[in-house]
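Q: First the structure, which I've put down as structure tokens, then a few questions once you've had a look.
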Amino acid sequence: MRHGVGLLRWVGALAAVGCLFLATACSSVVPPDQFFGDARANAEGTNASTTGVPGAFAPGGATNSAGVPIGGASSLGADVPGGGSNGSGAPAATAGVQAGNCAGLHDTTGINDSTITVANVADLSGPVPGLFTAAQQAAYAYAAYFNSTSTICGRRLKLATYDSQTSSAGDQQASLAACGSSFAMVGSMGAFDAGGAQTVTNCGIPDLRAIPTSPERTAAPVVFGTDAAAPDLTPTSQYDLIKRETGSAYLKSAMLYLNAGSSVPNALGYEQAMQDVGYHFVVKPIPIDVTDFNYSTYATTLKNAGAQLVQFEGTAIYAVRLMQAMQTQNLHPVFIMDSVAYDPVFVADAGHTLDGMYSYIDTAMFEEASRTPELQLYLTWLHRVAPNAQPSFFGIFAWGAMRLFTDLAVQLGGSLSRQSLIAALRDVHAYSDNGLFAPQDVGNKRTTPCEALIQLTSSGWVRRSPYPWTCETVVKTD
């Protein structure tokens, strides 16, 4: 239940809120036996598109549903052999990777003589439009970067993209389409990714996600995440960092949460972890209904209890309401949210109401990009394929998933298969994508013990803990 999982539990709540207020039909899971069969026949129904290299320099300004320009530059980097540079100074994607012998690599699902096709499935439409557009943009960006410098046994990377439509049925159908036409799924993200969990298990496709968002998807034997958080494990480092930063406030703590979706178990799990490291709660966890617009009662409860530290699980609009209610009561506690807050959309929605709040992350900071070459690379190629795109937490882990896939594929060489890739992923235990994020135990699907504490100021986010992360322990939560 580290912040990556907490973040996606919040996403589930956000989607639930979207369903409530927009009266959207958030689909349930379609039984696998109704769909499992001719995956290719279902591809058109999941908004599939396929490209060798995104049209980063396309004329006319046309874009696809991920905001990536289309219609040009389809041969970008097509003739560049692996291990070199594309002439712009960009390092080869395979630099430092020990390439395997390519003898024996043969055509199979998603692999032919010239390309290896991987699928990216993300929520682009639905009750929260554009929810995970950043993950698909990052996959496009990495594909363009890789193909400009490298190949996998002479084969270029081809990206098939799908919109899972912020629904379990959409995720299942997109997963089914990927099963029948792509070699692997890479960098995907969906708020209802339980929908395709059984589908990918049945077809055996390697599914290296940016962040799995449901226990069902996480548990699937073919599924891994570059943010490898386990649903029942929470690190202690962020809470020790908060204690050092804010003094004795932790002795009078409170937890409030949006009473929707999986924000509920997320908040309760955080509270349990905080208690394990010495936090004392002056009130029981307080649920807030999504239809409740009067927060004065909650602020009064906190003030009467003498709360000095408040953690909230929800979205920016609800956090702002809570903060304004507390300020009206002349209550100014230490205010904390998980890494959902480290997002440009969140900051824009919050305005300056939440200035001073704390959050915690296990990724490199965009504000410190000069310290992390891999982050600079992600930002450079993101803006080449989608000039107006906003970099994000989700994009970082999607880029990392694409990097890990190509590293392993190049290493496996001629022995590359779905089965060998899954076996290789099980052996990845300290993956950080060159410092882009804290080391992740991908193979064991175990939460990283490393976090950094950050604070929102009037000029943006600033670091409040040693660079890059503080690594302690993880605790098991219910």
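The values are calculated or read from the model by the stated rules, or taken from the named source; none is laboratory data. All values reported here derive from a predicted model rather than from experimental measurement. With ideal geometry, Cβ positions are generated from the backbone for all residues, glycine too; neighbour counts draw on all protein chains shown.
Q: Report the residue count in the range 431-456 for those that are among the aliphatic types (A, V, I, L, M) and assigned to a loop (DSSP other than H, G, I, E, B). It would help to see each step written out before you state the result.
A: First pass over the range 431-456, keeping only residues among the aliphatic types (A, V, I, L, M): 436, 438, 442, 452-454, 456.
Retained after the next criterion (residues that are assigned to a loop (DSSP other than H, G, I, E, B)): 436, 438, 442.
The qualifying residues number 3.
Q: So LEU375 clears everything in (1) at pLDDT below 95; (2) of a type outside the set (Ser, Thr, Tyr); (3) assigned by TED's automatic domain parsing to the domain that holds GLN136; (4) under 20 Å from SER465 (Cβ atoms) except one condition, right? Which one?
A: Result: LEU375 passes all but (1).
Q: For the range 449-478, enumerate the residues that are of a type in the set (Ser, Thr, Tyr) and either loosely packed, with under 14 Cβ neighbours inside 10 Å or out of contact with any Ser or Thr (no Cβ under 9 Å at 6 or more places or on another chain) (or both).
A: THR457, SER458, SER459, TYR467, THR473
Q: Now for a different question. Please identify the pairs in which a residue from the range 102-126 that is assigned by TED's automatic domain parsing to the domain that holds GLY180 has its Cβ atom under 8 Å from the Cβ atom of a residue that is assigned to a loop (DSSP other than H, G, I, E, B) and β-branched (Val, Ile, Thr), counting only partners at least 6 apart or on another chain.
A: ASP123/THR166; SER125/THR166; GLY126/THR24; GLY126/THR166
Q: Under the condition of being within 30 Å of the chain's Cα centre (by Cα) and either of a type outside the set (A, V, I, L, M, F, W, C) or assigned to a loop (DSSP other than H, G, I, E, B) (or both), which residue from the range 101-111 is surrounded by the most Cβ atoms within 10 Å (Cβ to Cβ)?
A: Keep residues of the range 101-111 that are within 30 Å of the chain's Cα centre (by Cα), which gives 108-111.
Subsequent filtering for residues that are either of a type outside the set (A, V, I, L, M, F, W, C) or assigned to a loop (DSSP other than H, G, I, E, B) (or both) retains 108-110.
Numbers: THR108: 12, THR109: 17, GLY110: 21.
If we take residues in the range 101-111 being within 30 Å of the chain's Cα centre (by Cα) and either of a type outside the set (A, V, I, L, M, F, W, C) or assigned to a loop (DSSP other than H, G, I, E, B) (or both), then GLY110 is surrounded by the most Cβ atoms within 10 Å (Cβ to Cβ).
Q: Something else now. If you check LEU302, LEU331, which single one turns out to be part of a loop (DSSP other than H, G, I, E, B), more than 20 Å from ASP227 (Cβ to Cβ) and either assigned by TED's automatic domain parsing to the domain that holds VAL264 or of a type outside the set (S, T, N, Q) (or both)?
A: Testing whether each residue is part of a loop (DSSP other than H, G, I, E, B), more than 20 Å from ASP227 (Cβ to Cβ) and either assigned by TED's automatic domain parsing to the domain that holds VAL264 or of a type outside the set (S, T, N, Q) (or both) leaves just LEU331.
Q: Further question: Would you pick out the residues in the range 158-183 that are within 20 Å of SER214 (Cα to Cα), more than 17 Å from the chain's Cα centre (by Cα) and not hydroxyl-bearing (Ser, Thr, Tyr)?
A: Selection gives ALA169, GLY170, GLN172, GLN173, ALA174, LEU176, ALA178, CYS179.
Q: I'd like to check something: does the range 386-407 contain any residue that is surrounded by fewer than 23 Cβ atoms within 10 Å (Cβ to Cβ), at pLDDT 95 or above, assigned to a helix (DSSP H, G or I) and touching a strand residue (DSSP E or B) at 6+ places or on another chain (Cβ under 8 Å)?
A: yes
Q: Would you be able to tell me the number of residues in the range 243-289 that are buried (at least 20 other Cβ atoms within 10 Å of the Cβ), touching a residue at least 40 places away in the same chain (Cβ under 8 Å), outside any helix (DSSP H, G or I) and of a type outside the set (S, T, N, Q)?
A: 8
Conditions tested, residue by residue: (1) of a type outside the set (Phe, Trp, Tyr); (2) farther than 26 Å from MET274 by Cα; (3) assigned by TED's automatic domain parsing to the domain that holds LEU268; (4) modelled with pLDDT under 95.
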{"site": "VAL410", "(1), (2), (3), (4)": "yes, yes, no, no"}
{"site": "GLY413", "(1), (2), (3), (4)": "yes, yes, no, no"}
{"site": "LEU416", "(1), (2), (3), (4)": "yes, yes, no, no"}
{"site": "ASP433", "(1), (2), (3), (4)": "yes, yes, no, no"}
{"site": "PRO439", "(1), (2), (3), (4)": "yes, no, no, no"}
{"site": "GLN455", "(1), (2), (3), (4)": "yes, no, yes, no"}
{"site": "VAL462", "(1), (2), (3), (4)": "yes, no, yes, no"}
{"site": "PRO468", "(1), (2), (3), (4)": "yes, no, yes, no"}
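Q: Do we have VAL385 as touching a Ser or Thr at 6+ places or on another chain (Cβ under 7 Å) and in contact (Cβ under 8 Å) with a residue 12 or more places away in the chain here?
A: Taking the combined requirement at face value, the residue does not satisfy it.
Q: Any idea how many residues of the range 425-446 are within 13 Å of GLY225 (Cβ to Cβ) and of a type in the set (Ser, Thr, Tyr)?
A: Number of matching residues: 1.
Q: Being part of a loop (DSSP other than H, G, I, E, B) and either in contact with a Lys or Arg (Cβ under 7 Å, 6 or more places away or on another chain) or not β-branched (Val, Ile, Thr) (or both) is the filter; apply it to the range 148-163 and report the residue that is nearest to PRO127 (Cα to Cα). Steps first, answer last, please.
A: Looking only at the range 148-163, we keep the residues that are part of a loop (DSSP other than H, G, I, E, B), and these are 150-151, 153-154.
Subsequent filtering for residues that are either in contact with a Lys or Arg (Cβ under 7 Å, 6 or more places away or on another chain) or not β-branched (Val, Ile, Thr) (or both) retains 150, 153-154.
Values: SER150: 38, CYS153: 42, GLY154: 41 Å.
Checked the range 148-163; the qualifying residue nearest to PRO127 (Cα to Cα) is SER150.
Q: Moving on. Looking at the structure I just gave you, is ASP338 acidic (Asp, Glu) and at pLDDT 95 or above?
A: Judged against the criteria, ASP338 is not a match.
Here is a yes/no grid of residues against (1) in the same structural domain as TYR378 (by TED's automatic domain parsing); (2) among the aromatic types (Phe, Trp, Tyr); (3) assigned to a loop (DSSP other than H, G, I, E, B); (4) under 16 Å from the mean Cα position of the chain (by Cα):
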{"site": "ALA307", "(1), (2), (3), (4)": "no, no, yes, no"}
{"site": "PHE312", "(1), (2), (3), (4)": "no, yes, no, no"}
{"site": "ARG321", "(1), (2), (3), (4)": "no, no, no, no"}
{"site": "MET326", "(1), (2), (3), (4)": "no, no, no, no"}
{"site": "PHE346", "(1), (2), (3), (4)": "no, yes, no, yes"}
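Q: Here's another thing I want to ask about it. For ALA191, are the conditions met, namely being within 21 Å of PRO127 (Cα to Cα), in the same structural domain as PHE132 (by TED's automatic domain parsing) and of a type in the set (A, V, I, L, M)? Please lay out each step first, then the result.
A: On the way: within 21 Å of PRO127 (Cα to Cα): yes; in the same structural domain as PHE132 (by TED's automatic domain parsing): yes; of a type in the set (A, V, I, L, M): yes.
Yes.
Q: Looking at TYR140, TYR145, can you tell me which residue is among the hydroxyl-bearing types (Ser, Thr, Tyr), assigned to a helix (DSSP H, G or I) and within 20 Å of ASP343 (Cβ to Cβ)? Walk me through it before giving the result.
A: Working: TYR145 fails: within 20 Å of ASP343 (Cβ to Cβ).
Testing whether each residue is among the hydroxyl-bearing types (Ser, Thr, Tyr), assigned to a helix (DSSP H, G or I) and within 20 Å of ASP343 (Cβ to Cβ) leaves just TYR140.
Q: Shifting gears a bit: Filter the range 258-315 for residues that are hydroxyl-bearing (Ser, Thr, Tyr) and at pLDDT 95 or above and give the result.
A: Once the filter is applied, which keeps residues that are hydroxyl-bearing (Ser, Thr, Tyr) and at pLDDT 95 or above, the range 258-315 yields TYR279, TYR295, SER296, THR297, TYR298, THR300, THR301.
Q: Which of the residues belonging to the range 457-478 are part of a strand (DSSP E or B) and either on the phi > 0 side of the Ramachandran plot or free of Cβ contacts under 8 Å to residues at least 24 places away in the same chain (or both)? Show your work before the answer.
A: Of the residues in the range 457-478, the ones part of a strand (DSSP E or B) are 457, 460-463, 470-471, 474-476.
Once the filter is applied, which keeps residues that are part of a strand (DSSP E or B) and either on the phi > 0 side of the Ramachandran plot or free of Cβ contacts under 8 Å to residues at least 24 places away in the same chain (or both), the range 457-478 yields only GLY460.
Q: Please go through the range 336-345 and give me each residue that is surrounded by fewer than 20 Cβ atoms within 10 Å (Cβ to Cβ) and under 20 Å from LEU258 (Cα atoms), ordered by number.
A: ASP343, VAL345, listed by residue number.
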